[in-house]
Every structure is written in C-alpha cells, then in structure tokens.
Amino acid sequence: MATVNVKVPLHQSGQPHRFDPEEVTIQAGDTVIWTNEDTSSHTVSPEDGSSFPEGSLDTQGATYSNQFSTEGEYPYFCQFHGSMTGKVTVVPASAG
Ligand SMILES: [Cu+2]
C-alpha cells in the first residue's frame, strides 16, 4: 500500500486556487495525503457528500489523509473555491 500526495499550491495572484495534481489514480488500500501549501483555508469535500470523510485544510501546512479501500471514482471539491475540483480514481490492487 502506497501513499500519494496532492497539494494545494501557494496561491498565485490572478490564478485560480487548485489541487495539484487534480486527478490521481491509486490502488485500493492506498492513502492520499493532501497538504495545504496555501495561506487560505480549503476543504476536501466528496462531491456526493458521503463517499469518504470530508477533510479540512485550515492553515498553511495542514494535512488531511484518507485511505481508499474500495474501487471507484471519488470526485471532490473545495467548499470555499469553485475552481477547486479533483478526483481520486481507485483501481484494484495489483496481485503480488
Ligand atoms: Cu479552496
């Protein structure tokens, strides 16, 4: 089982807030760690409201992690910034 990193880059004037990368593909059982490098607060909110626990990235340096054990697509967004969307795709764990 692996960990995959997604960051919220420090916001650049004139550019939208974003997740980087916006889409990741992981294997079932892997953990995604989101890190807030920005000075604004952000959230990691599942689009359907419940497919995984919502995370808060309140301060610069804050992290949120979630282990995804079930295959599927998990689109998410930030409650504070309409430009911020992302997706975690979980594929079956490889044998061996
Ligand atoms: Cu945000």
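The values are calculated or read from the model by the stated rules, or taken from the named source; none is laboratory data. Predicted model, so just to flag it, every value in this text is computed and none were measured. A quick note on method: Cβ atoms are made from the backbone with ideal geometry, for glycine too, and the neighbour counts reach across all protein chains shown. Areas reflect the complete protein model, heavy atoms only, side chains present, ligands, DNA and RNA absent. Shrake-Rupley method; radii C 1.70, N 1.55, O 1.52, S 1.80 Å.
Each peptide in 32-41, 11-20, 63-72 gets a packing score, the mean of other Cβ atoms within 10 Å over its residues, and the list from highest to lowest is 32-41, 63-72, 11-20.
Taking each residue as 0.36 nm, the span from GLN60 to GLN27 lengthens on full extension beyond its C-alpha to C-alpha distance by 9.1 nm. Whenever you get a sec, compute what percent of the accessible area on region 28-96 sits on carbon and sulfur atoms (1.4 Å probe). On region 28-96, the fraction of accessible area on carbon and sulfur atoms equals 45 percent. Per residue, the accessible area of region 3-91 comes to 52 Å² when a 1.4 Å probe rolls over the protein heavy atoms.
What's the magnitude of the charge dipole for the chain around its Cα centre, counting Lys and Arg as +1 and Asp and Glu as -1 at the beta-carbon? Answer in Debye, nearest 20.
Working: 3 positive and 12 negative charges, 29 e Å.
So the magnitude is around 140 debye.
Dividing the convex hull volume of the alpha-carbon atoms in region 3-91 by its residue count gives 74 Å³ per residue.
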